[in-house]
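First the structure, in the form of structure tokens, and then the observations on it.
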Amino acid sequence: MGNVLKQDLLQQLEQLQQEAEVALAQANSSEATQAWHGEYLGRKGRLTGILRNLGSLSAEERPLVGKAANEVKMTLENVLQERQAAIAKAEMEGARSRERIDVTLPGRPQTLGRLHPTSITLREIYAIFAAMGFQVYDSPEVETDEYNFQLLNMPQGHPARDMWDTFYTTTPDLLLRTHTSPGQIHAMREYAPEPIRVILPGKVYRYEQVTARSESMFYQVEGLAVGKHITFCDLKGVLTNFANQIYGEGRPMRFRKSYFPFTEPSVEMDIECVICGGKGCGLCKYAGWLEILGAGMVHPIVLQYGGYDPSEFSGFAFGMGPDRIALQKYGIDDIRYFFANDVRLLERIG
Ligand SMILES: [Zn+2]
């Protein structure tokens, strides 16, 4: 009786192994092999089911069948490992081929930023004046009426105020600066009675009709030198040196008398037209000359407002438009391009 059972169990084991191997060969995913393991080798699996009958065998037969069962178990575990490794490899290759990079696609162009023509010009101006000992001084874009006009020798009702159309705020006496000149007062009041050599760059605002030549917002660079024994010769020397460097050595230039309320005497500086060389063209309005800046000796009253004694100190000041200088240098005929946000302009210049 015991012998029959032993033979039966051995046969069951053999059959189990055969079926399990066939079933495993059909398992095509990690999930399927896990299910397979549960069915054949798990705690409630078929192998365990067969082994439950061991108790019915005699003491001699038991180790024999137990050994055979162990061998089946080990064989099946080995086959399972191999199968799992093969499936993992196949799954990885599948993922790799699905996510493969197509190297035949054209690359995306990299766009490289560059400086705005006004920024380029500003940096050139800073470098030229830095070499002559001028440092950059920052001052506010929102000003009081006092700083923008009164302390620059333009009291309330002064006719020269008509030269600047102004943006006023809803707060009385608070306005957007119409020029960088109020920075002169800030610098003087900070440094007096020390000598000063500064340039004051920044945005200024005019309530004006926007045209090819004028915007409601643009840049200015103001310059100021205050000290003892500063004369008109110093003004001419500094500005001639500047013009030689920014427009090229040897370009004809001239000073014309002019008027500003905060300088006396006042001048404007012209250079020979960069386009026509003096013959006359659209850019210079057929004058042959381009105005590049206004300048003059600081008015004694302005020196006094700044905290300097005009009997002891003197100084000169100048103001220029770097946007206009950039227009001339790059041969652009309309200042509105500078703020139109059209990248083609920048590409053309770069
Ligand atoms: Zn010209």
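The values are calculated or read from the model by the stated rules, or taken from the named source; none is laboratory data. Computed from a predicted model, the values in this text were never measured in an experiment. Positions of Cβ are backbone-derived with ideal geometry, glycine not excepted, and every protein chain shown enters the neighbour counts.
Among the residues making up the range 331-344, those that are surrounded by fewer than 15 Cβ atoms within 10 Å (Cβ to Cβ) and not β-branched (Val, Ile, Thr) are 331, 333, 334, 336, 340, 341, 342, 344. Quick check, is residue 308 in contact (Cβ under 8 Å) with a residue 60 or more places away in the chain, within 25 Å of residue 189 (Cα to Cα) and either within 16 Å of the ligand (Cβ to nearest atom) or among the hydroxyl-bearing types (Ser, Thr, Tyr) (or both)? Here the answer is yes, as residue 308 does meet what is asked. Only a single item in (1) within 40 Å of the chain's Cα centre (by Cα); (2) under 18 Å from residue 184 (Cβ atoms) is not met by residue 275, and it is number (2). Filtered by the rule that a residue be closer than 22 Å to residue 30 by Cα, over 44 Å from the mean Cα position of the chain (by Cα) and free of Cβ contacts under 8 Å to residues at least 40 places away in the same chain, the range 63-108 gives 73, 74, 77, 78, 81, 82, 85, 86, 89, 90.
Looking only at residues of the range 277-298 that are over 27 Å from residue 263 (Cα atoms) and surrounded by fewer than 16 Cβ atoms within 10 Å (Cβ to Cβ), we find that the one that is nearest to the ligand (Cβ to nearest atom) is 281. With respect to (1) more than 60 Å from the chain's Cα centre (by Cα); (2) hydroxyl-bearing (Ser, Thr, Tyr); (3) crowded, with 16+ Cβ neighbours inside 10 Å, the lone exception for residue 56 is condition (3).
Among residues of the range 263-290 that are more than 28 Å from residue 302 (Cβ to Cβ), those with a beta-carbon under 6 Å from a residue that is within 8 Å of the ligand (Cβ to nearest atom) and of a type in the set (Phe, Trp, Tyr) at least six positions away or on a different chain give the pairs 280/286.
Residue 185 falls short on exactly one of the conditions (1) over 24 Å from residue 268 (Cα atoms); (2) touching a Leu at 6+ places or on another chain (Cβ under 7 Å); (3) among the β-branched types (Val, Ile, Thr), and that condition is (1). Tell me, yes or no, whether the range 92-101 has at least one residue that is at pLDDT 85 or above, part of a helix (DSSP H, G or I) and touching a strand residue (DSSP E or B) at 6+ places or on another chain (Cβ under 6 Å). Looking for residues that are at pLDDT 85 or above, part of a helix (DSSP H, G or I) and touching a strand residue (DSSP E or B) at 6+ places or on another chain (Cβ under 6 Å), one finds none in the range 92-101, hence no.
Of the set (1) in contact with a Cys (Cβ under 7 Å, 6 or more places away or on another chain); (2) within 21 Å of residue 215 (Cβ to Cβ), all apply to residue 288 but (2).
Screening residue 25 against (1) touching a residue at least 24 places away in the same chain (Cβ under 8 Å); (2) hydrophobic (A, V, I, L, M, F, W, C); (3) surrounded by 13 or more Cβ atoms within 10 Å (Cβ to Cβ) leaves a single unmet condition, (3).
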